[in-house]
Structure formats: C-alpha cells, structure tokens
1. ³J(HN,Hα) across segment 42-48 via Karplus (A = 6.51, B = -1.76, C = 1.60, θ = phi - 60°), whole Hz, x for Gly/Pro?
2. Taking the Cβ of each residue in 46, 29, 72 as the centre, tally the other Cβ atoms inside 10 Å and list the residues starting with the fewest.
3. What list of ³J(HN,Hα) couplings, whole Hz, do you get for segment 53-63 from phi and the Karplus terms 6.51, -1.76, 1.60, once you set θ to phi - 60° and write x for glycine and proline?
4. Only sites in a loop by DSSP and with at most 15 other Cβ atoms within 10 Å count here; which trypsin sites (Lys or Arg not before Pro) in segment 37-96 make the cut?
5. With 27 Å as the limit, write out which pairs from 24/53; 69/89; 69/91 have Cα-Cα distances beyond it, or answer none.
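Nothing in this text is a laboratory measurement; each read-out follows from the coordinates by a stated rule. Just so you know, these numbers come straight off a predicted model, no measurement behind them. All Cβ positions, even for glycine, are placed from backbone atoms using ideal geometry, and neighbour counts span all protein chains on display.
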Amino acid sequence: MADKITKRGVVVFIDGTAVENSIKSIREELRRATNIQANAVKGTEEWIAAGKKVAQLKSVLAEHVEKQKEIEWGYSRMSNAVDEFDRKKEKAFSLS
C-alpha cells in the first residue's frame, strides 16, 4: 500500500528557466541578481531586468518563508497535542 510515494510541488520559472524551489537556492539566485544589478549601469536594460528579477525573487522568498513558519507552527501544535495525549494516556493507565 505504501510502496508508492507521490512527490508534489511547485516549479518556479524565472526568465524561462526552472529554479530549484527551496529557500536556499532562491536566496542564492537573489544574491546573484543583486550583484548583477549592483554592477550594472543604472537605468540600462540589464539593470532594469536585474531589478525585476530581484523583486520577483524577494516575493517568492517571502512566500516560502511564510509557508515555512506555518509548517513550523503546525508541527509545534501537533507535537504539543501528541505530548498531551501521552500525558493523558499515562494518567489513565496509572489509575488502573
């Protein structure tokens, strides 16, 4: 039954190229785009394109960070619920 694992996810494309969809890889790509913009002449097409890429990457990164916080919060709640269940179970068995 559990032999088959289905992997689901989102593929992020930037400038037509698929980007690995992890916080680490997006931060690395953001660093590269920021460096390109910093070294380009202000107002040129290269500078403008790099600025758009930086803005897009910051948006994707913010979404990832928010989702990570939601997952951590959910995990914490689940962990607390398991701990509470264990406490109740131990108490119930100790009364028997």
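1. Values, residue by residue: 4, x, 6, 4, 4, 5, 5 Hz.
2. Going from least to most buried by this count: 72, 46, 29.
3. In residue order, the calculated couplings are 5, 4, 4, 5, 5, 4, 5, 5, 4, 4, 4 Hz.
4. 42
5. 69/89; 69/91
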